[in-house]
Amino acid sequence: MQYLSSKLIHGSAAEGDPHRSLKTPIYESASFDFASAEAAEQAFNGGSEAFAYSRISNPTLAALQRQLKVLSQADHALCLASGMAALSNVFLTLCSAGDNIITSRYLFGNTWSFFAKTLQSYGIEARFTDLEDFNAVDEAMDENTRALFLEVPTNPQLIYFDVPALSALAGERNIPLVVDNTVLTPYLFPCKQYGVDIEVYSNTKFISGGATSVGGSILVYPSHKWAHNPKLEKDYQLFGKDAFFKRLYKEHYRNLGACLAPHNAWLQLLGLETLTLRVDRIMDNTLTVAEHLQNHPKVKAVRYPGLKEDPYHPLALQLSGGKSGCLVGVELENKAASYRFMNALQMVRRGTNFCDNKSMILHPGATIYWDYSEEEKKAMHISEGLLRLSVGLEEVKDILIDLDRALEQV
Ligand SMILES: *Cc1c(COP(=O)(O)O)cnc(C)c1O
């Protein structure tokens, strides 16, 4: 098999199943039997890959991790209970008290809160920096910087950062680049080609295939930057480029205990089989919707980096072939107009998820950012008429009919 879509469909078949099951079974078992006392010893000391306990490893998760490595071409893949579990495990493995990370202020809400509140309380500082200003990024980095972290594109601003330039900048100082690839997925944005050291994403979105379950993943690429992190120095001497993953897997992943349930791993394995099909269709739908809304007299502005007119289109072309995810920023005259529009929609759901099979819409200023001051919202490019539309898998003509009918009510 040469092509990714075929590999994602066939790779999920069970390996060595006595019944030749075409799907990996759901191994709902907390622990596993050892053939001998010696086998138990080997499972614990790393001498074998045998399964021992499902907080540490499980055959259904192993199948999902194997498939995610096929998707990302990563050295290592680890699946966890949620996208937030994946992110928190990464930064708790990389950082100790006194360390800092460089990131943007445009972040998924809980990621921002994890940085600004949780890590802060353990003495780890997040430096919220303008990642479009390379001088500012350079100035923010110092000898205690353990990662440069970003999302691409940001949600809901839809900013594309210049990942190759930022990767080079961090690389000069041996600082690992960590990317949250939830919005584009590895299918549209291949992290490995852009010098990303650690990729994280929420499986809950595109991977799960219709918001069936919550999950997250960590993908690790070959890197020698771990040698420059005092916390990982010893691991580096022992494991070289695998140092980060070994430390993560042996310590933080087990101790924090945010393991993915086998049933959820199975749902995500099933979702993965149709990932390319769904993403392709949603990209077509999203571009059609963005182009349509752009020309609608009741719409003040449309933001979608897949549109030729968008300021981030050149970067979207470079990084993800001009396909820039399922999110469209739709700006109406004011909040009242955007509420009339939302409430008149019949098929498009009012919901907070995205990359779902169903189209959804949300007013970020009144929901995700409800407790931000007007000034903070302005700085985050969250205007009062801004709506975030997540385009789904439906027949695109139905989406356009629903949007047009609701726009008549504005
Ligand atoms: C949803 C999301 C997360 C968090 O994932 P959960 O699975 O909900 O924990 C992190 N980053 C981005 C960009 C997301 O969209």
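Per-residue answers, yes or no, for (1) among the acidic types (Asp, Glu); (2) outside the structural domain of PHE239 (by TED's automatic domain parsing); (3) surrounded by 13 or more Cβ atoms within 10 Å (Cβ to Cβ):
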{"position": "PRO18", "(1), (2), (3)": "no, no, no"}
{"position": "GLU28", "(1), (2), (3)": "yes, no, no"}
{"position": "GLU38", "(1), (2), (3)": "yes, no, no"}
{"position": "GLN42", "(1), (2), (3)": "no, no, yes"}
{"position": "SER54", "(1), (2), (3)": "no, no, yes"}
{"position": "SER57", "(1), (2), (3)": "no, no, yes"}
{"position": "ALA63", "(1), (2), (3)": "no, no, yes"}
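Within the range 92-136, how many residues turn out to be of a type in the set (A, V, I, L, M) and surrounded by 21 or more Cβ atoms within 10 Å (Cβ to Cβ)? Walk me through how you get there before you give the answer.
Going residue by residue through the range 92-136, those that are of a type in the set (A, V, I, L, M) are 92, 94, 97, 101-102, 107, 116, 119, 124, 126, 131, 136.
Subsequent filtering for residues that are surrounded by 21 or more Cβ atoms within 10 Å (Cβ to Cβ) retains 94, 101-102, 107, 119, 124, 126, 131.
Residues flagged as of a type in the set (A, V, I, L, M) and surrounded by 21 or more Cβ atoms within 10 Å (Cβ to Cβ) within the range 92-136 amount to 8.
Please count how many residues of the range 213-238 are within 12 Å of the ligand (Cβ to nearest atom) and either among the polar types (S, T, N, Q) or part of a helix (DSSP H, G or I) (or both).
Total satisfying the criteria: 2.
Every residue, every condition in (1) away from the ligand (no atom under 16 Å from the Cβ); (2) crowded, with 22+ Cβ neighbours inside 10 Å; (3) in the same structural domain as GLN157 (by TED's automatic domain parsing), yes or no:
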position	(1), (2), (3)
ASN295	yes, no, no
ARG303	yes, yes, no
GLY321	yes, no, no
ALA337	yes, no, no
MET342	yes, no, no
GLY351	no, no, no
SER373	yes, no, no
LYS378	yes, no, no
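Out of LYS298, LYS308, report the one residue that is in contact (Cβ under 8 Å) with a residue 40 or more places away in the chain and part of a loop (DSSP other than H, G, I, E, B). Spell out how you get there, then give the answer.
Values: LYS308 fails: in contact (Cβ under 8 Å) with a residue 40 or more places away in the chain.
Residue meeting the stated conditions: LYS298.
Within 24 Å of LEU277 (Cα to Cα) and not basic (Lys, Arg): does that describe LEU317? Don't jump to the end; show me each part of the working.
On the way: within 24 Å of LEU277 (Cα to Cα): yes; not basic (Lys, Arg): yes.
Answer is yes for this residue.
Return the residues of the range 119-130 that are touching a helix residue (DSSP H, G or I) at 6+ places or on another chain (Cβ under 6 Å) and among the hydrophobic types (A, V, I, L, M, F, W, C); say none if nothing qualifies. Before the answer, list the steps.
Within the range 119-130, the subset touching a helix residue (DSSP H, G or I) at 6+ places or on another chain (Cβ under 6 Å) is 126-127, 129-130.
Matches in the range 119-130: ALA126 only.
In the range 164-190, what residues are away from the ligand (no atom under 14 Å from the Cβ), closer than 18 Å to LYS241 by Cβ and not in a loop (DSSP other than H, G, I, E, B)?
Within the range 164-190, SER167, ALA170, GLY171, LEU177 meet the criteria.
Return the pair list, or none, for Cβ contacts closer than 7 Å from residues in the range 249-277 that are within 16 Å of LEU61 (Cβ to Cβ) to residues that are of a type in the set (Phe, Trp, Tyr) and open to solvent by 40 Å² or more (accessible area, probe 1.4 Å), at least 6 apart or on different chains.
Sorted first by the residue in the range 249-277, then by its partner, the pairs are PRO262/TYR27.
Do we find that GLY325 is under 23 Å from LYS358 (Cα atoms), buried (at least 20 other Cβ atoms within 10 Å of the Cβ) and in contact (Cβ under 8 Å) with a residue 24 or more places away in the chain in this structure?
Values: under 23 Å from LYS358 (Cα atoms): yes; buried (at least 20 other Cβ atoms within 10 Å of the Cβ): yes; in contact (Cβ under 8 Å) with a residue 24 or more places away in the chain: yes.
In short, yes.
Among the residues of the range 171-204, which ones are open to solvent by 30 Å² or more (accessible area, probe 1.4 Å) and in contact (Cβ under 8 Å) with a residue 60 or more places away in the chain?
Within the range 171-204, TYR187, PRO190, LYS192, TYR194 meet the criteria.
Quick check on my filter: what residues within the range 235-255 are under 20 Å from the mean Cα position of the chain (by Cα) and among the hydrophobic types (A, V, I, L, M, F, W, C)?
PHE244, PHE245, LEU248
When you scan the range 32-146 for strands (runs of 3 or more DSSP E) that lie fully inside it, which ones turn up with 1 or more residues that are within 15 Å of the ligand (Cβ to nearest atom) and over 21 Å from the mean Cα position of the chain (by Cα)?
Numbers: elements: 76-80, 100-103, 125-128.
Answer list for the range 32-146: none.
State yes or no: is LEU80 closer than 20 Å to ASP242 by Cβ and either out of contact with any His (no Cβ under 9 Å at 6 or more places or on another chain) or charged (D, E, K, R) (or both)? Working first, answer last.
On the way: closer than 20 Å to ASP242 by Cβ: yes; either out of contact with any His (no Cβ under 9 Å at 6 or more places or on another chain) or charged (D, E, K, R) (or both): yes.
Here the answer is yes, as LEU80 does meet what is asked.
The values are calculated or read from the model by the stated rules, or taken from the named source; none is laboratory data. What you are looking at is a predicted structure, and each value in this text was computed from that prediction instead of being measured. Note that we place each Cβ from the backbone using ideal geometry, even for glycine, and neighbour counts take in every protein chain shown. SASA here: full protein model, heavy atoms, side chains in, ligands and nucleic acids out. Shrake-Rupley method; radii C 1.70, N 1.55, O 1.52, S 1.80 Å.
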